[in-house]
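The values are calculated or read from the model by the stated rules, or taken from the named source; none is laboratory data. The model shown is predicted, which means the values in this text are computed figures rather than measured ones. Reconstructed Cβ throughout: ideal geometry from the backbone, glycine too, with neighbour counts over all protein chains shown.
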Amino acid sequence: MQPLRPDAPIGVFDSGVGGLTVLAALRARRPDERFLYLGDTARLPYGTKSGETVVRYALQAAEALVACGIRALVVACNTASSVALPAIRARFPGLPVIGVVEPGAEAACAATHRGHVAVIATEGTIRGGAYQREIERLRPGTRIDALPCALFVSLAEEGWTSGAVVEAVAHRYLDKVFRPAAGAAGQPPDVLVLGCTHFPLLLAPIRAAVGDAVRIVDSAATTAAAVERELFPGDVSGARVAAADGVRIAGSTRFLATDGAARFARVGSSFLGFPIAPDEVELIDL
């Protein structure tokens, strides 16, 4: 790879719109940065695909963003992070590549007092075992409950983030771990990792299901913090000056998708926290 200008954008990739929660956290921390977001909406969800397929898709997305001249890549997809990071790093050895699994696992290990952590994610992320392996590596002997919660993704995409249906689904998934039957051995987890970037939108019903005493780790927020530590060491100002010409960089975000610009804009607006117009979304073919 050729050396890139310091004002080159930071690339953010997800299988769909869930990674916009990571982008929102990044924008909050670095409002003067340029970002390029790619949602592979034609081929979502990744969580139900084989590992080989996810690696192939993730490499194609990374290649598209690298071709646009990014200076770093954030893999804002838990499924892709769990299986494709080694392949992406091998393909682009000079490019900083940050995934969502490692920062989330690190935060969970730091937060637990009982050594008992629960991870909720898509089927693919849970099946791949990346969170389990990383938590065990960082804190050997940690008890880990890994729960696939596929319906949470659909609820978030439909904008169903509160109400009786969402609360019932949250309890159905989480009660067996956080509200065990009377007489069950051991205490429930004291930390819950939101191992899917869709899940922060469901924070309120998830919090109601697990109770106030459980520490919740948002992988979107922890990833944004990890990106800041890696790309801007010692600089927490949230702004920088381009070394090439000394002019302060104006923050901007460019959106790419592989299908459904109108749906991307509609659903993505709730994930990002501000409106996206359909004509702001560029369709590309991977």
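For the range 141-157, a tally of residues being free of Cβ contacts under 8 Å to residues at least 40 places away in the same chain, in contact with a helix residue (DSSP H, G or I) (Cβ under 8 Å, 6 or more places away or on another chain) and not hydrophobic (A, V, I, L, M, F, W, C) returns 2. The set of residues from the range 66-91 being surrounded by fewer than 18 Cβ atoms within 10 Å (Cβ to Cβ), part of a loop (DSSP other than H, G, I, E, B) and of a type outside the set (Gly, Ala, Ser) comprises just one member, CYS68. Does at least one position in the range 224-247 carry a residue that is modelled with pLDDT of 95 or more and in a loop (DSSP other than H, G, I, E, B)? Checked the range 224-247: no residue is modelled with pLDDT of 95 or more and in a loop (DSSP other than H, G, I, E, B). Counting only helices (runs of 4 or more DSSP H) that sit wholly inside the range 107-184, those with at least 2 residues that are exposed (fewer than 15 other Cβ atoms within 10 Å of the Cβ) and not assigned by TED's automatic domain parsing to the domain that holds THR79 are 130-138, 150-158, 164-178. When restricted to residues that are over 20 Å from THR222 (Cβ atoms) and out of contact with any Asp or Glu (no Cβ under 6 Å at 6 or more places or on another chain), the range 18-45 contains 8. The test for being surrounded by 22 or more Cβ atoms within 10 Å (Cβ to Cβ), more than 22 Å from ASP218 (Cβ to Cβ) and either more than 14 Å from the chain's Cα centre (by Cα) or at pLDDT below 95 (or both) holds for ALA62.
Candidates THR48, THR41, THR53: the one that is crowded, with 18+ Cβ neighbours inside 10 Å and among the polar types (S, T, N, Q) is THR41.
Residue-wise test of (1) without any contact (Cβ under 8 Å) to a residue 60 or more places away in the chain; (2) over 30 Å from ASP7 (Cβ atoms); (3) within 19 Å of the chain's Cα centre (by Cα).
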position	(1), (2), (3)
ILE70	no, no, yes
VAL75	no, no, yes
ALA84	yes, no, yes
ARG91	yes, no, no
HIS116	no, yes, no
GLY124	no, yes, yes
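Total residues in the range 200-217 satisfying the condition of being modelled with pLDDT of 95 or more and under 26 Å from PRO45 (Cα atoms): the figure is 9. Among the residues of the range 32-51, is any acidic (Asp, Glu) and at pLDDT 95 or above? Scanning the range 32-51 turns up at least one residue that is acidic (Asp, Glu) and at pLDDT 95 or above. Across the range 193-208, not a single residue is classified as assigned to a loop (DSSP other than H, G, I, E, B) and of a type in the set (Lys, Arg).
Considering only the range 72-87, state which residues are over 11 Å from VAL12 (Cα atoms) and of a type outside the set (A, V, I, L, M). ASN78, THR79, SER81, SER82, PRO86, listed by residue number. Check the range 31-45 and report whether any residue there is without any contact (Cβ under 8 Å) to a residue 60 or more places away in the chain and not assigned by TED's automatic domain parsing to the domain that holds LEU155. Yes - at least one qualifying residue is present in the range 31-45.
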